[in-house]
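Please read the structure below before turning to the comments.
The values are calculated or read from the model by the stated rules, or taken from the named source; none is laboratory data. Keep in mind the model is a prediction, meaning the values are calculated, not measured. So basically every Cβ, Gly included, is an ideal-geometry build from the backbone, and we count neighbours across all protein chains shown. We work out accessible area using only protein heavy atoms, side chains counted, and drop any ligands, DNA or RNA first. Shrake-Rupley method; radii C 1.70, N 1.55, O 1.52, S 1.80 Å.
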Number of protein chains: 2
Amino acid sequence: MKIFWQTSIYKLLNLVQISNTSNNIRVLDCGAGGNMPSLALFEDCGYSCDGIDISDTQIELANNYLKKNDLSTRIQYGDMRKLDYDDEYYDCIYSYNTIFHMKKHEIINTIEQMKRILKPGGILFINLLSIDDFRCGEGLSVGENEYLQMEDGIQVIHSYFKHSEADNYFSDMTLLSKETRIWERTIGGKLIKQGYIDYILKK
Amino acid sequence: MKIFWQTSIYKLLNLVQISNTSNNIRVLDCGAGGNMPSLALFEDCGYSCDGIDISDTQIELANNYLKKNDLSTRIQYGDMRKLDYDDEYYDCIYSYNTIFHMKKHEIINTIEQMKRILKPGGILFINLLSIDDFRCGEGLSVGENEYLQMEDGIQVIHSYFKHSEADNYFSDMTLLSKETRIWERTIGGKLIKQGYIDYILKK
């Protein structure tokens, strides 16, 4: 059994398994690309999976993985800021390590669209960066705790949140789980400290 | 695919998979009982698993699960305060949601024994309760942030830790991951706030 490094996804999957009794669960991953696409875990659970990403390189990496592992899910080009799906279509929508690469007004707008296309009773998972993160404050400030920071050689927005700042984005949903975590770990011999806030909510 | 609720274990498993190249990985779970024993995940990864628990009821629940799922691992009676195993025997030792049910001097003693029976390069995972937990302060105080609290109808020790208090228990090991997390979730309609510190270390 292969364990995915995106371990927060297992918590989401556990809650989806507990909450849903339907046989036909539809899942959407926004920012689904990369060389180990976590949607593979959802296909392994028997769910119908859609995934979008804005990067052709990351889409190719993900689809190569999916083909190699005999999975039928394919990631497609798509911009999470424009979710052109029917209302109340998905049972589960998530975005992992992605949504915080936008400015806060774009994040709010995207979350509103996610809620629209989520079924009543459906589950939403997003994670945010918190102000505890070691990179908060680095780079060019472009808003309140919003910074342009270098990532893989290009300037990318990173938005950081106070612990309760985003709670009201979800005031019309039921909180299943909120985890505010400071993660210290060694990467390449260097100890780094990352701050995340993981929200799992029910519509 | 069944997802286990003990999702911290997936992070441990991911690090064990990354760190170990041996074909014969030996794992010990201290406090391995209960109706969904996470050792099942380690057997699914092809590892040799030993598990001990101090409660006959929890051992029976775990072994019933393991038999039903055609797994060969069996949990045995054992007290983690007396780990009678050879030096440097295990590749991975863990204790999840268990070790904090002892007084702090017992926790320190147990961790020292775990280090002794862990191979050089082996991985240790334990989680502690933090002082952020909603129950910290409840019950009869029996030491610094140590309380006797009711659990399933009996008085049980709960030891709570400041964020860096336990770091020096592991000063002779390499920190792979430390996650200090506040977990808010709804149980039976009530929102509760739990505080944990998860340590994963390499000998």
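Key figures
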item: Lone qualifier among B:His158, B:His101, B:His105 - being more than 14 Å from chain A (Cβ to nearest Cβ), open to solvent by 70 Å² or more (accessible area, probe 1.4 Å), of a type outside the set (D, E, K, R) and over 30 Å from A:Met173 (Cβ atoms); result: B:His105
item: Strands (runs of 3 or more DSSP E) (entirely within the range B:153-203) containing at least 3 residues that are closer than 26 Å to B:Gly139 by Cα and touching a residue at least 60 places away in the same chain (Cβ under 8 Å); result: B:190-202
item: Scan of the range B:1-35 for residues that are of a type in the set (Lys, Arg) and under 17 Å from B:Tyr199 (Cβ atoms), ordered by number; result: B:Lys11
item: Any hit, the range B:184-195, residues being touching a Cys at 6+ places or on another chain (Cβ under 8 Å) and either open to solvent by less than 40 Å² (accessible area, probe 1.4 Å) or on the phi > 0 side of the Ramachandran plot (or both); result: yes
item: Output for the range B:1-17, where each listed residue is of a type outside the set (Val, Ile, Thr), under 15 Å from B:Pro37 (Cβ atoms) and in contact (Cβ under 8 Å) with a residue 60 or more places away in the chain; result: B:Gln6, B:Ser8, B:Leu12
item: Residues (modelled with pLDDT of 95 or more, open to solvent by 40 Å² or more (accessible area, probe 1.4 Å) and polar (S, T, N, Q)) located in the range A:1-43; result: A:Asn35
item: Count - residues of the range A:6-47 that are part of a strand (DSSP E or B) and facing chain B (nearest Cβ under 8 Å); result: 0
item: Extreme residue, least open to solvent (accessible area, probe 1.4 Å), among residues of the range A:125-147 that are of a type in the set (Gly, Ala, Ser) and touching a Ser or Thr at 6+ places or on another chain (Cβ under 8 Å); result: A:Ser130
item: The range B:48-85, residues that are surrounded by 13 or more Cβ atoms within 10 Å (Cβ to Cβ), outside any loop (DSSP other than H, G, I, E, B) and among the aromatic types (Phe, Trp, Tyr); result: B:Tyr65
item: Filter result for A:Lys82 (out of contact with any strand residue (DSSP E or B) (no Cβ under 8 Å at 6 or more places or on another chain) and of a type outside the set (S, T, N, Q)); result: yes
